[in-house]
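The structure under discussion appears below in the form of structure tokens.
The values are calculated or read from the model by the stated rules, or taken from the named source; none is laboratory data. Everything numeric here is computed off the predicted structure, so don't read it as measured data. In this analysis, Cβ positions are derived from the backbone assuming ideal geometry, glycine residues included, and neighbour counts consider all displayed protein chains. Note: areas computed on protein heavy atoms with side chains; ligands, DNA, RNA excluded. Shrake-Rupley method; radii C 1.70, N 1.55, O 1.52, S 1.80 Å.
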Amino acid sequence: MFNPSQEVGQQQMVAVAPPVIGRASSACAQSSAASNTAQPYPVDAITSITPCLLLYPVGRAGKTKEVARARVHPAVSLFEGNPTPALYACVEVEELLKSIYDDTEIDIPTADGKNCLGECVDSTIL
């Protein structure tokens, strides 16, 4: 398991877990799953841009691996001019932790066609 909140210097770091599949809402969710589950995610309480780690699911046991450092934005209603999908948050990818994650696919490609994590360094993704 991972610790959803770690201290990094003077700032708090939030680990962004992979989304839990739930029923999508027709309205914009706060960010990830706030309107779909009774259990809030740490990312839903963010009020300013916050450092985070991007996690990638491994196997069926709910395990994850850390793949990138990023910055998560507070809950927003639009990403590239479209509503942010339920169960997602906007994050700026800062750096990959290892080059082997270059080809890791992201769920939703960017408007300019980026669909792998290595292409998204210095970009905002869902």
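Apply 1/(1 + (r/R0)^6) to the Cβ-Cβ distance of Ile100 and Ala61, taking R0 = 25 Å, and write down the FRET efficiency to the nearest 0.05. Present the calculation step by step, with values, prior to reporting the outcome.
Details: r = 21 Å, r/R0 = 0.85.
Once rounded, the FRET efficiency stands at 0.75.
Sorted by average packing, counted as other Cβ atoms within 10 angstrom per residue and highest first, what order do 112-119, 95-102 take? Write out the running numbers ahead of the final one.
Working: 112-119: 14.0, 95-102: 12.1.
Sorting 112-119, 95-102 by mean packing, highest first, produces 112-119, 95-102.
With all protein chains present, calculate the accessible area of Thr47 using a 1.4 Å probe and round the result to the nearest 10 Å².
Spelled out: Thr47, probe radius 1.4 Å, area about 130 Å².
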